[in-house]
1. Could you check the spin-label model distance between GLN90 and MET123? Points 7 Å from the Cα along Cα→Cβ, value in nm.
2. Run the numbers for ILE132 and LEU53: contour at 0.36 nm per residue of separation, minus the present Cα-Cα distance, in nm.
3. What's the ranking of 115-123, 26-34 by average number of surrounding C-beta atoms within 10 Å, highest first?
4. So how much slack lies between LYS4 and ASP101, counting 0.36 nm per residue of separation and subtracting their Cα-Cα distance, in nm?
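Derivation of every value follows stated rules applied to the coordinates shown; laboratory data play no part. Computed from a prediction, not measured in an experiment: that's the story for all the values here. Here the Cβ is made from the backbone with ideal geometry for all residues, glycine too, and neighbour counts use every protein chain on show.
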Amino acid sequence: MSSKVDDYLRFHEVALSIRGQRQQMIASNIANADTPNYKARDIDFSTAMNNVLQRNANQASSELAKTSPQHLDPQGAAGGGAPLYRTTVQGNVDGNTVDMDVERNQFAENSLRYEASLTILNMQIRGMLAAIQG
């Protein structure tokens, strides 16, 4: 029974995990906006999501388990491969590629999508509870 519940909730679990990692990466970009030679990084959400879902579908239960959610994923950011570097629109003299306008927009969009995933997940859980309680 729990495996069916896991399958039912897996999509949003993975989405929240990737969005959380992406949020940390964008926050790191913002924090390093004045660091010389810092290269802004990001995660391609759709590629990471597809990779994780395919890996979960194809993988047997012989996978190594992480004992802490803070452990690094051996396949990069949530299984989506290594983080990508943002293309620069306008470079800085010090070699920093962080564009604060882009980072703020990405941060706000990612936050909104994270909140939407939480809301949908909450609605799914409420629906299951309503079905169980009758």
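1. Going from the GLN90 label point to the MET123 one covers 4.0 nm.
2. Answer, rounded to one decimal: 25.7 nm.
3. In descending order of packing, they fall as 26-34, 115-123.
4. The LYS4-ASP101 span can extend by a further 30.7 nm.
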